[in-house]
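Worksheet: the structure to be examined is printed underneath.
The values are calculated or read from the model by the stated rules, or taken from the named source; none is laboratory data. Here the structure is a predicted model, which is why all the values come from computation and not from measurement. All Cβ positions, even for glycine, are placed from backbone atoms using ideal geometry, and neighbour counts span all protein chains on display. These area figures cover heavy atoms from the full protein model, side chains too; ligands, DNA and RNA do not enter into them. Shrake-Rupley method; radii C 1.70, N 1.55, O 1.52, S 1.80 Å.
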Protein chains: 2
Amino acid sequence: MDHVDKILAQWRRERPDLDVSAMGLLGRFTRLRTHLGREIEKTFTDHGLTSASFDVLAALRRSGPPFQLSPGDLLATTMVTSGTMTNRIDQLEKAGLVERLDNPDDRRGVIIALTSEGLKRVDAAVSAHVANQHRLLSELSPQEREALDALLRKLLAAFE
Amino acid sequence: MDHVDKILAQWRRERPDLDVSAMGLLGRFTRLRTHLGREIEKTFTDHGLTSASFDVLAALRRSGPPFQLSPGDLLATTMVTSGTMTNRIDQLEKAGLVERLDNPDDRRGVIIALTSEGLKRVDAAVSAHVANQHRLLSELSPQEREALDALLRKLLAAFE
DNA sequence: GCAATTTATCTTGACGTCAAGATATCTGCG
DNA sequence: CGCAGATATCTTGACGTCAAGATAAATTGC
């Protein structure tokens, strides 16, 4: 009987016409997402980052040397709007973690490049982040983690 | 090979020291959450609501007649700060969907009451929302939904 | 080769959220 | 009874996000 079960019991009493099984699953999903998000955020805070800034730095880092991508490339990996990406890059540039370079091939565009400080920061952050992610899933056995991943993959495939 | 697999492949190439299995699961979780959240939001928009306002109206609705709770009660069910709740109530009050009543037992506090318009609105919205939730999970079989719910429940229990 | 369209990025204004703190009231203890 | 600490709610200021649209440059098709 968790928090979500109590909510479902209330709905069954007040609106017995509703089939609340999907609401239970999605309610747990949402609450879990909030808890996980807050825990993950803490690790980034320890490294002077946020989820938002880490997403951008991580995309640059894992793209490999020379750690440069266009804002459009970054948009494609991050599920945010162009205005949000402009803002993220502005913040990271102010913090000295990335810089905007002229794009020699397209004068409309720019190239976002990780600075050496940005590289150091993201490498440290990702190590801590990965360790933290394992901690957050440590309640599940390896088999359970695999089953959960497979189910999420299947559901996600419907959207992408 | 979904979007998350591509990200993991990049990390394996650039940072082979990292065990990215947890990152895969959590990455799918996060992307799925974004897709689901956007789809759910659309249904609320159709009813002149947002997830935020629906959360409040739904808590009042499922509490049963007389559809009244204190801001503190609402806080306990919604995982937001008191400032956020004040703002949500302000918006709903402006929209005529709830009203603030004096709390006769505690002059510090107020009682938030669903208006008749609020009741109509949330009853219509929750019906559409439940139908939409089933649609969003229709890619999974009943067995898969049950398995997913059980795994989410187990993981959520670690936080609540 | 030029006009029309598309593309890449940035700007603007509005929201929703949070952390920290303010205010008013209640409660328990001496 | 009266005061210290707890509690309920609201205020303030800062962020991150989005939708819509602006700007400038590249591309397409005639």
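Yes or no: B:Leu60 in contact with a strand residue (DSSP E or B) (Cβ under 6 Å, 6 or more places away or on another chain) and part of a helix (DSSP H, G or I)? So B:Leu60 passes the test. Counting the residues of segment B:90-105 that are part of a loop (DSSP other than H, G, I, E, B) and within 11 Å of DNA strand D (Cβ to nearest atom) gives 2.
Per-residue answers, yes or no, for (1) out of contact with any Asp or Glu (no Cβ under 9 Å at 6 or more places or on another chain); (2) within 7 Å of chain A (Cβ to nearest Cβ):
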{"residue": "B:Leu8", "(1), (2)": "yes, no"}
{"residue": "B:Met23", "(1), (2)": "yes, yes"}
{"residue": "B:Asp55", "(1), (2)": "yes, no"}
{"residue": "B:Thr78", "(1), (2)": "no, no"}
{"residue": "B:Ser82", "(1), (2)": "yes, no"}
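Of everything in segment B:127-159 that's under 17 Å from the mean Cα position of the chain (by Cα) and farther than 16 Å from A:Leu25 by Cβ, which residue is farthest from the other protein chains (Cβ to nearest Cβ)? Looking at residues that are under 17 Å from the mean Cα position of the chain (by Cα) and farther than 16 Å from A:Leu25 by Cβ, I get B:Ala128.
In segment A:12-20, is there at least one residue being hydrophobic (A, V, I, L, M, F, W, C), under 30 Å from B:Glu144 (Cβ atoms), in a helix (DSSP H, G or I) and out of contact with any strand residue (DSSP E or B) (no Cβ under 6 Å at 6 or more places or on another chain)? So far as segment A:12-20 goes, no, none of its residues is hydrophobic (A, V, I, L, M, F, W, C), under 30 Å from B:Glu144 (Cβ atoms), in a helix (DSSP H, G or I) and out of contact with any strand residue (DSSP E or B) (no Cβ under 6 Å at 6 or more places or on another chain).
Considering only segment A:78-94, state which residues are more than 7 Å from DNA strand C (Cβ to nearest atom) and surrounded by 16 or more Cβ atoms within 10 Å (Cβ to Cβ). Hits for segment A:78-94 are A:Thr78, A:Val80, A:Arg88, A:Leu92. Which one is nearest to B:Leu36 (Cα to Cα) among residues in segment A:27-51 that are touching a residue at least 60 places away in the same chain (Cβ under 8 Å) and buried (at least 16 other Cβ atoms within 10 Å of the Cβ)? Looking at residues that are touching a residue at least 60 places away in the same chain (Cβ under 8 Å) and buried (at least 16 other Cβ atoms within 10 Å of the Cβ), I get A:Leu36. Reported count of residues in segment B:99-118, each being open to solvent by less than 50 Å² (accessible area, probe 1.4 Å) and away from DNA strand C (no atom under 16 Å from the Cβ), is 3.
Scanning segment A:60-76 for residues that are within 14 Å of another protein chain (Cβ to nearest Cβ) and within 13 Å of DNA strand D (Cβ to nearest atom), we see that the one that is surrounded by the fewest Cβ atoms within 10 Å (Cβ to Cβ) is A:Leu75.
Of all the listed residues (A:Asp73, A:Asp2, A:Asp55), the sole one being out of contact with any strand residue (DSSP E or B) (no Cβ under 7 Å at 6 or more places or on another chain) and not assigned by TED's automatic domain parsing to the domain that holds A:Val98 is A:Asp2. Here the condition is being out of contact with any Cys (no Cβ under 9 Å at 6 or more places or on another chain), of a type outside the set (Val, Ile, Thr) and farther than 30 Å from A:Asn132 by Cβ; of B:Leu75, B:Leu69, B:Leu32, it holds for B:Leu69 alone.
Look at B:Leu75 and say whether it is farther than 28 Å from A:Leu156 by Cα and within 13 Å of DNA strand C (Cβ to nearest atom). Yes.
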